[in-house]
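**Q** Here's a structure for you.
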Amino acid sequence: MGTVVEITVANCSEDQARSAIKEAMGEFKRIDDLMSSYKPGSVVSRVNQNGSSAKVPVGEEVLRVLRDAVAISGASGGAFDPTIWPVVQLWGLDQGGSIPIAGLLTNKLELVGYKKLIFDDSKYSVGFSVTGMGLDLGAVAKGWAVDRAMEKLMALGIRNAIIDAGGDLRIIGARPGKEFWRIGVQHPRESGALLLSFDLKDTAIVTSGDYERFFVADGVRYHHILDPSTGQPARGCQSVTVLAPTASEADACATAAFVLGPSEGLAFLRARPGVRGVIVGADGQLHWTDEALARMAHR
Ligand code: AMP
Ligand code: MG
C-alpha cells in the first residue's frame, strides 16, 4: 500500500503478540492484493482492464468497500470519487509525478464520475458505462485494511493495541498503566514534527495530507489528493485529521474533507454522527469540528 505499517500490542505474552501481529499484517497484503490499482492481478485491476466491456465479478468485500466509497461520493457532492483513477495515472505521483498536458487532462476528466459506474449487486459485479474508466480505492483501502487487521488482533484476544498504516490509525484499549494511548498528528509543514497530539481510547484517527506524495514545480506543490471537478490537486488544505469509529470511515472522510476545503469540509464532517476532526487550511490555520476536540489536543 506504499506505506509502513506499525502494529503495537500490549498486555499479552510475546508469543501471543508475535502470532497476532503476523495475522494482522497478513490482512494488509490480502487487501492490497484485492484492491490495489497498481497490482496487475488485483480484483480492482481486473475491473480496470475489463470493466468497459463487461461487468466484472469483484466479490462481496470489494463490492462493500466500493459501495461505501460511492456513498461518500454522494455525501460529498462528488468531491470524493473512486473513479478518479484515469486522472491519478496521468499525474503519476507514485513515480515522482509531472504536470499533465491540459488537453489530456480534459479528456481523462470525462472518464471520472461515480455515477457512471454500473453495479449488479446480486452478482457482486461492477462495470463502466464509459470506455476507459478506472477504479482507485487508494483513499479508502488502507482504512479498510486497518479495521480488518484490528479484527484479527481482537479475535486473537488482544485488547490493547495500535495499528498505524502511515497515518491511518485504529486503537483499542490503553497503554499499559494508563487510561489511553497518546497519538501524535504529523505537522504538515515540518517533517518529523508533531502538529498536536491526543489521548485516545477505542477510536480510529486518520490523516490525509498534501505532504504525503507530492512534487514541486516553479514553487508550486502538486500533490496526490485531486479535485475531481478540475483534475488538479485540491488547494484548500494542508491536512485533514478525522476521528471516527472505524478507520474505513475516517479514511474516506479525511480525503473527502480535504477536497472540500476548510469550510465545506467542516460541514461535511459535522453532518456525520460520531465523526469529528481538525482541518489545517492552506494558510496553516486550524479549523475544528467542535470545541471539545480542540480542548482535548496537546500542542
Ligand atoms: P488519502 O491518502 O487517503 O487521502 O488518499 C489519497 C489517494 O486517493 C490518492 O493517492 C489517490 O490514489 C486517491 N484519490 C485522489 N484524489 C481522490 C478523490 N478526490 N477521491 C477519491 N480518491 C482520490
Ligand atoms: Mg483517505
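**Q** Would you grab the residues whose amide H sits under 5 Å from the one on LEU137? Only those 5+ places off in sequence or on another chain, please, with H modelled 1.01 Å from N.
**A** Counting only residues 5 or more places away or on other chains, the set is SER37.
**Q** Still on this structure, please answer the following. With springs only between Cα atoms under 10 Å, which of SER45, SER76, SER229 fluctuates most in a Gaussian network model of the chain?
**A** SER229
**Q** Right, here's the next one. If you plug each phi of the range 66-81 into the Karplus form 6.51 cos²θ - 1.76 cosθ + 1.60 with θ = phi - 60°, what whole-Hz ³J(HN,Hα) values come out, in order, with x for Gly and Pro?
**A** With the stated coefficients, the range 66-81 comes to 5, 4, 4, 5, 5, 4, 5, 4, x, 5, 9, x, x, 5, 9, 8 Hz.
**Q** Nothing charged except the Cβ atoms of Lys and Arg (+1) and of Asp and Glu (-1): what's the magnitude of the dipole of the chain about its Cα centre? Round to the nearest 20 debye.
**A** 160 debye
**Q** On to the next question. How high is the relative contact order of the range 128-234, in percent, with contacts defined as C-alpha pairs under 8 Å that are six or more residues apart?
**A** Once normalised by length, the contact order is 16 percent.
**Q** For every other residue with a beta carbon closer than 10 angstrom to the beta carbon of HIS224, add +1 if it is Lys or Arg and -1 if Asp or Glu, then tell me the sum.
**A** Surrounding charge for HIS224 is -2.
**Q** Here's another thing I want to ask about it. Evaluate E = 1/(1 + (r/R0)^6) for ALA292 and ASP15, where r is the Cβ-Cβ distance and R0 equals 45 Å; express this FRET efficiency to the nearest 0.05. Mind showing how you got there, number by number?
**A** On the way: r = 41 Å, r/R0 = 0.91.
Once rounded, the FRET efficiency stands at 0.65.
**Q** Cut-off is 10 Å between beta-carbons; in what order do LYS55, LYS39, LYS142 appear when sorted fewest neighbours first?
**A** Values: LYS55 17, LYS39 13, LYS142 26.
The fewest-first ordering by Cβ neighbours comes to LYS39, LYS55, LYS142.
**Q** What's the magnitude of the charge dipole for the range 151-234 around its Cα centre, counting Lys and Arg as +1 and Asp and Glu as -1 at the beta-carbon? Answer in Debye, nearest 20.
**A** 360 debye
**Q** For the range 172-181, what does the Karplus curve 6.51 cos²θ - 1.76 cosθ + 1.60, with θ = phi - 60°, yield as ³J(HN,Hα) per residue in whole Hz, taken in order and with x for Gly and Pro?
**A** Each residue's phi maps through the Karplus curve to give 10, x, 8, 5, x, x, 10, 9, 7, 9 Hz.
**Q** Modelling each spin label as a point 7 Å along the Cα-to-Cβ direction, I'd like the GLN232/SER98 distance in nm, to one decimal.
**A** Here the modelled spin labels are 2.1 nm apart.
**Q** Taking amide hydrogens as modeled 1.01 Å from N in the peptide plane, which residues meet the under 5 Å criterion relative to LEU111, leaving out close sequence neighbours?
**A** none
**Q** Which far-off residues, 5 or more places away or on another chain, put their amide H under 5 Å from the one on LEU226, with H placed in the peptide plane?
**A** So LEU226 has HN proximity to ALA234.
**Q** Choose one answer from PRO176, PRO228, PRO100: the residue with the largest mean-square fluctuation in a GNM of the chain with alpha-carbon springs under 10 Å.
**A** Result: PRO176 has the largest fluctuation of those listed.
**Q** Fewest first, what order do CYS12, CYS237, CYS253 take by the number of other Cβ atoms within 10 Å? Numbers along the way, then the final one.
**A** Numbers: CYS12 18, CYS237 25, CYS253 30.
Exposure proxy ranking, most exposed first: CYS12, CYS237, CYS253.
**Q** For the range 120-174, what is the relative contact order in percent, using Cα pairs closer than 8 Å and at least 6 residues apart in sequence?
**A** Once divided by the residue count of the range 120-174, the mean separation gives 26 percent.
**Q** Which residue fluctuates most in the GNM of the chain (Cα springs below 10 Å): LEU195, LEU226, LEU135?
**A** LEU195
**Q** Counting Lys +1, Arg +1, Asp -1, Glu -1, what net charge surrounds ASP32 among other residues with beta carbon under 11 Å of its beta carbon?
**A** Once positives and negatives cancel, what remains is +2.
**Q** Return the subset of LYS29/LYS142; LYS108/LYS142; LYS29/LYS152; LYS29/LYS123; LYS22/LYS201; LYS29/LYS201 for which the Cα-Cα distance in this structure is over 20 Å, preserving the input order.
**A** In this structure, LYS108/LYS142; LYS29/LYS123; LYS22/LYS201; LYS29/LYS201 lie more than 20 Å apart at Cα.
**Q** In what sequence do ASP136, ASP121 fall when counting other Cβ within 10 Å, fewest first?
**A** With the fewest neighbours first, ASP136, ASP121 line up as ASP121, ASP136.
**Q** Using the Karplus curve 6.51 cos²θ - 1.76 cosθ + 1.60 with θ = phi - 60°, what ³J(HN,Hα) values do you get for each residue of the range 129-146, in whole Hz, with x for Gly and Pro?
**A** With coefficients 6.51, -1.76 and 1.60, one gets 8, 10, 5, x, 5, x, 9, 9, 9, x, 8, 10, 5, 5, x, 4, 5, 4 Hz.
**Q** Oh, and also: Quote the charge dipole size of the range 29-81 about the Cα centre in Debye, to the nearest 20; the model charges only the Cβ of Lys and Arg (+1) and of Asp and Glu (-1).
**A** 140 debye
FYI, it's all coordinate maths here, none of it is from the lab. Bear in mind that the values here come from a model prediction, so they are computed numbers and not experimental data. Glycine also receives a Cβ, built like all others from the backbone with ideal geometry; neighbour counts cover every protein chain displayed.
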